[in-house]
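**Student:** My questions will all concern the structure given below.
The values are calculated or read from the model by the stated rules, or taken from the named source; none is laboratory data. Since this is a predicted model, take the numbers as computed values, not measurements. FYI the Cβ positions are ideal-geometry reconstructions off the backbone, even for glycines, and counts take in every protein chain you see.
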Amino acid sequence: MTERRLGLPNLGLGVGLRSVHYPYLLEQWPSVDWFEIISENYLDSRGRPRWVLQQVAERYPVVMHGVSLSIGSTDPLNYDYLEKLKRLAAEIRAVWISDHICWTGVNGFNGHDLLPIPLNEETLKHVVHRVIQVQEFLERPLVLENPSSYVTFRDSTMSEGEFMRYLSTEADCGLLLDVNNVYVSCFNHDQDPQRLMESLPHERIVQFHLAGHTHCGTHIIDTHDDHVVDRVWELYRKARQLTGGVATLLEWDASIPPFEVVHQEVLKAQHYFESDMERVLKSPGTEVPSGSGKERPGLPQPPVFVTAEVE
Amino acid sequence: MTRKTRPLSQIQQWMHQVITHPGGIENGIRSDRANRHIRLREDQLDHVIEPSQQMSSRDRMAVYGNAYFARLVECLGQEFSALKYALGEDAFNGFAFQYIQSCPSESYTLNELGRQLPEFFRQTRPENVPSPGWPDFMIDLAALQRIYAEVFDSDGPENTPPANWDELKGLNAQQAAGIILKPFASLRMLETSYPVHDYISAVRRDESPEIPASRPTWIIISRLDYVVRRRAVSRSEFTLLRELHRGASLGSAIKATAVQCPDEEQDMFDELENWFFRWGQARWFESIRRVEKNG
């Protein structure tokens with residue numbers, strides 16, 4: 001089943017566009033279903049990142065994924081930022097625009113982190129109102145992702161699944177289900193990831209994210225610096241059963257390997273659905289115990305930064 | 001019945017103060033700024049943040065507190081990689097930690113985070129070190145690496161046809177007075193006390209360079225084929241370019257350079273055609289136009 005959600009297509013298996021892969025992409029133009037960009041890395045570029053993006057957008061479907069919308073913040077919406085998002089989306093014919101159910105700062109400051117919101121009625125009303133405003137401005141549906149989280153608030157009165165259901169229904173927006181984030185957050189909050197997945201409004205989910213993480217023993221950090229672990233693949237299979245399958249994207253943002261490795265990782269999803277599960281589970285992707293192989297636990301995403309290319 | 005909850009703004013204001021406190025989250029929780037929003041003792045954190053089966057409320061909040069500074073310090077380290085090498089990781093991280101407190105990010109993009117770092121180094125320069133000294137070397141490094149980042153993202157020559165340099169052939173002084181060269185936004189200039197451009201390149205090539213001897217250096221930074229280029233030039237060429245960059249006509253810029261660099265005046269006239277050729281090759285100028293003088 002490949003049902004269209006909010007009129008948005010199933011793009012297949014995509015990869016996050018990262019600057020370390022530019023030379024390979026420009027030379028090889030590999031066969032990839034689609035790319036996702038970190039919007040903020042391109043909004044103000046008048047140089048190579050924007051040029052590469054234009055080349056990519058001429059050849060592949062592109063989705064814009066942001067980290068600074070701060071839809072849950074009590075600060076006013078930043079319309080300069082939204083204007084730039086809208087302009088870039090039109091320029092590259094972005095298939096959709098997504099961001100996170102989170103806040104990134106208050107009082108005009110940006111901590112560049114995806115901070116959790118207390119899940120209760122006040123927050124829901126606030127976020128719904130802002131999503132509607134953003135969608136009206138962008139003139140398209142917004143797609144929102146469940147972030148990884150490391151705390152739970154005493155002031156939360158509803159589950160993440162309930163919150164996402166009410167939010168997406170009342171604001172009429174799409175959802176980006178980050179399967180790795182489900183696993184990470186549920187471990188950190190002593191919750192059952194299968195149950196969370198079942199409680200979601202599956203018809204609203206238009207995209208999946210997959211990524212690697214770092215297990216620190218007492219908690220898991222969403223580091224995007226490794227292969228997808230087996231348990232996340234198993235959750236992905238469940239997510240696919242529940243939704244009928246939607247566009248899937250692999251994120252790899254730290255210790256980024258060659259493009260072929262990243263691409264192969266997301267293509268494992270295909271093997272999953274060709275009943276070659278053993279092949280998937282035998283490949284790298286087993287949980288990495290804390291402290292073994294990694295110099296330090298790594299940072300929760302998103303440290304998204306593009307360095308200048310200098311002669 | 002709906003349970004009464006704290007207002008969202010109250011929780012966000014409190015959490016912002018706690019996780020951005022330079023003394024760690026314990027000090028953040030105790031701080032007046034946090035207590036203005038939610039009054040708590042350190043041992044009452046679980047009134048706001050629930051513990052998990054394996055982590056205390058404090059350790060859970062610390063994930064965000066630790067990540068705040070670590071993430072931003074890491075980004076600054078990537079942008080100012082040569083400065084980080086020159087200072088050493090610990091000293092750089094210490095400066096970056098101070099800088100983030102002094103100039104926290106107010107932008108949606110991390111590319112803006114380092115904008116004020118060169119000025120921060122200028123303002124915190126130790127007064128007891130003679131000039132030029134190692135602090136000036138660090139200031140020069142910060143300034144040049146920041147310019148590299150800005151030039152990389154600015155409007156460059158890649159999608160513009162080359163300027164017509166034939167306009168400048170065989171000009172006399174009167175004709176030069178009516179010539180305006182318009183630079184690309186990506187053309188930048190920096191006068192330094194040290195040859196930091198070579199140092200940055202050596203760091204990038206993993207050559208483990210030592211801090212060089214002080215030497216007045218005039219650096220032109222530009223972009224070609226989307227890659228940032230840098231070239232050290234003579235004082236007179238730098239002065240001429242600076243005058244042109246300020247909008248002076250070619251004739252006025254030449255006169256100003258002759259006054260400011262009397263020792264190099266003859267060299268300038270000897271080299272002028274070579275410079276024009278090189279500027280054309282490097283695509284530093286967007287256009288060359290004649291300005292008609294009225295009356």
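**Student:** Does any residue of the range A:221-234 turn out to be touching a helix residue (DSSP H, G or I) at 6+ places or on another chain (Cβ under 9 Å), hydroxyl-bearing (Ser, Thr, Tyr) and either closer than 30 Å to B:Ser56 by Cα or in contact (Cβ under 8 Å) with a residue 40 or more places away in the chain (or both)?
**Tutor:** No, every residue in the range A:221-234 fails to be touching a helix residue (DSSP H, G or I) at 6+ places or on another chain (Cβ under 9 Å), hydroxyl-bearing (Ser, Thr, Tyr) and either closer than 30 Å to B:Ser56 by Cα or in contact (Cβ under 8 Å) with a residue 40 or more places away in the chain (or both).
Residue by residue, here is whether (1) among the charged types (D, E, K, R); (2) more than 14 Å from every other protein chain (Cβ to nearest Cβ); (3) within 19 Å of A:Leu242 (Cα to Cα) holds:
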| position | (1), (2), (3) |
| --- | --- |
| A:Arg195 | yes, yes, yes |
| A:Ser199 | no, yes, yes |
| A:His202 | no, yes, yes |
| A:Ile205 | no, yes, yes |
| A:His213 | no, no, no |
| A:Asp226 | yes, yes, no |
| A:Asp230 | yes, yes, yes |
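**Student:** I would also like to ask the following. In the range A:1-54, what residues are within 27 Å of A:Thr104 (Cβ to Cβ), in contact (Cβ under 8 Å) with a residue 40 or more places away in the chain, outside any strand (DSSP E or B) and touching a Gly at 6+ places or on another chain (Cβ under 8 Å)?
**Tutor:** Across the range A:1-54, the qualifying residues are A:Leu6, A:Ser39, A:Glu40.
**Student:** I need the full set of residues from the range B:72-111 which are within 14 Å of chain A (Cβ to nearest Cβ), among the hydrophobic types (A, V, I, L, M, F, W, C) and part of a helix (DSSP H, G or I), in order please.
**Tutor:** Result: B:Leu72, B:Val73, B:Cys75, B:Leu76, B:Ala82, B:Leu83, B:Ala96, B:Ile100, B:Leu110.
**Student:** Could you give every pair whose Cβ atoms fall below 6 Å, whose first residue belongs to the range B:107-134 and is within 13 Å of B:Gln145 (Cα to Cα), and whose second residue is surrounded by 15 or more Cβ atoms within 10 Å (Cβ to Cβ) and of a type in the set (Asp, Glu), counting only separations of at least 6 or pairs across chains?
**Tutor:** B:Gly114/B:Glu79
**Student:** Right, next: Pairs, please: C-beta under 8 Å, at least 6 apart or cross-chain, first residue more than 7 Å from every other protein chain (Cβ to nearest Cβ) and in the range B:143-157, second modelled with pLDDT under 95 and not in a helix (DSSP H, G or I)?
**Tutor:** B:Val151/A:Ala308
**Student:** In addition: Which residue is nearest to A:Ser156 (Cα to Cα), if the candidates are limited to the range B:1-57 and must be of a type in the set (Ser, Thr, Tyr) and either surrounded by fewer than 18 Cβ atoms within 10 Å (Cβ to Cβ) or more than 10 Å from chain A (Cβ to nearest Cβ) (or both)?
**Tutor:** Checking each candidate, the answer is B:Thr2.
**Student:** Also: In the range B:126-149, which residue that is surrounded by 14 or more Cβ atoms within 10 Å (Cβ to Cβ) and charged (D, E, K, R) is farthest from A:Trp103 (Cα to Cα)?
**Tutor:** B:Asp136
**Student:** Those residues that are in a helix (DSSP H, G or I), touching a residue at least 24 places away in the same chain (Cβ under 8 Å) and among the polar types (S, T, N, Q), I need them from the range B:12-24; list them, please.
**Tutor:** Within the range B:12-24, just B:Gln13 meets the criteria.
Here is a yes/no grid of residues against (1) more than 19 Å from the chain's Cα centre (by Cα); (2) free of Cβ contacts under 8 Å to residues at least 24 places away in the same chain:
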{"site": "B:Glu26", "(1), (2)": "yes, no"}
{"site": "B:Leu40", "(1), (2)": "yes, yes"}
{"site": "B:Ser56", "(1), (2)": "yes, yes"}
{"site": "B:Tyr64", "(1), (2)": "yes, no"}
{"site": "B:Val73", "(1), (2)": "no, no"}
{"site": "B:Gln78", "(1), (2)": "no, yes"}
{"site": "B:Gln101", "(1), (2)": "no, no"}
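**Student:** Could I ask something else about it? Considering every residue within the range A:193-201, establish whether at least one is of a type in the set (D, E, K, R), out of contact with any Gly (no Cβ under 9 Å at 6 or more places or on another chain) and on the phi < 0 side of the Ramachandran plot.
**Tutor:** For the range A:193-201, residues of a type in the set (D, E, K, R), out of contact with any Gly (no Cβ under 9 Å at 6 or more places or on another chain) and on the phi < 0 side of the Ramachandran plot: absent.
**Student:** I'd like to know if the range B:177-189 contains one or more residues that are touching a residue at least 12 places away in the same chain (Cβ under 8 Å), under 22 Å from B:Phe80 (Cα atoms), within 14 Å of chain A (Cβ to nearest Cβ) and not in a loop (DSSP other than H, G, I, E, B).
**Tutor:** Yes, the range B:177-189 has at least one match.
**Student:** Is there a residue being hydrophobic (A, V, I, L, M, F, W, C), touching a Ser or Thr at 6+ places or on another chain (Cβ under 8 Å) and crowded, with 18+ Cβ neighbours inside 10 Å anywhere in the range B:71-91?
**Tutor:** yes
**Student:** If B:Gly114 satisfies all but one of (1) out of contact with any Ser or Thr (no Cβ under 8 Å at 6 or more places or on another chain); (2) assigned to a helix (DSSP H, G or I), what's the number of the condition it fails?
**Tutor:** (2)
**Student:** Please state which of the following conditions A:Val63 fails to meet, knowing it meets all the rest: (1) in contact with a Gly (Cβ under 8 Å, 6 or more places away or on another chain); (2) surrounded by 18 or more Cβ atoms within 10 Å (Cβ to Cβ); (3) more than 23 Å from A:Phe208 (Cβ to Cβ).
**Tutor:** The one condition A:Val63 does not meet is (3).
**Student:** Quickly run through the range A:42-56 and pick out the residues that are more than 7 Å from chain B (Cβ to nearest Cβ) and more than 18 Å from A:Val304 (Cα to Cα).
**Tutor:** A:Gln54, A:Gln55, A:Val56, listed by residue number.
**Student:** Among the listed residues A:Trp51, A:Trp96, identify the single one that is under 17 Å from the mean Cα position of the chain (by Cα) and surrounded by 18 or more Cβ atoms within 10 Å (Cβ to Cβ).
**Tutor:** From the options A:Trp51, A:Trp96, the qualifying one is A:Trp96.
**Student:** Can you name the residue in the range A:149-182 that is buried (at least 19 other Cβ atoms within 10 Å of the Cβ), touching a residue at least 40 places away in the same chain (Cβ under 8 Å) and of a type in the set (S, T, N, Q) and is also farthest from A:Lys125 (Cα to Cα) among such residues?
**Tutor:** This residue is A:Asn180.
**Student:** Identify, from the list B:Asp166, B:Asp136, the residue that is away from every other protein chain (no Cβ under 14 Å), under 26 Å from B:Glu112 (Cα atoms) and outside any loop (DSSP other than H, G, I, E, B).
**Tutor:** Sole residue among the options that is away from every other protein chain (no Cβ under 14 Å), under 26 Å from B:Glu112 (Cα atoms) and outside any loop (DSSP other than H, G, I, E, B): B:Asp136.
**Student:** Does any residue of the range A:125-148 turn out to be among the β-branched types (Val, Ile, Thr), surrounded by fewer than 21 Cβ atoms within 10 Å (Cβ to Cβ) and within 13 Å of A:Gly72 (Cβ to Cβ)?
**Tutor:** Yes, some residue in the range A:125-148 is among the β-branched types (Val, Ile, Thr), surrounded by fewer than 21 Cβ atoms within 10 Å (Cβ to Cβ) and within 13 Å of A:Gly72 (Cβ to Cβ).
**Student:** Out of the residues in the range A:291-311 meeting the condition of being more than 7 Å from chain B (Cβ to nearest Cβ) and under 26 Å from A:Leu53 (Cβ atoms), tell me which one is modelled with the highest pLDDT.
**Tutor:** A:Val306
**Student:** Which number in (1) away from chain A (no Cβ under 11 Å); (2) under 30 Å from A:Gly111 (Cβ atoms); (3) surrounded by fewer than 17 Cβ atoms within 10 Å (Cβ to Cβ) marks the one condition that B:Pro118 misses?
**Tutor:** Only one criterion in (1) away from chain A (no Cβ under 11 Å); (2) under 30 Å from A:Gly111 (Cβ atoms); (3) surrounded by fewer than 17 Cβ atoms within 10 Å (Cβ to Cβ) is unmet by B:Pro118, namely (3).
**Student:** Right, here's the next one. How many residues does the range A:212-229 hold that are buried (at least 24 other Cβ atoms within 10 Å of the Cβ) and of a type in the set (Gly, Ala, Ser)?
**Tutor:** 1
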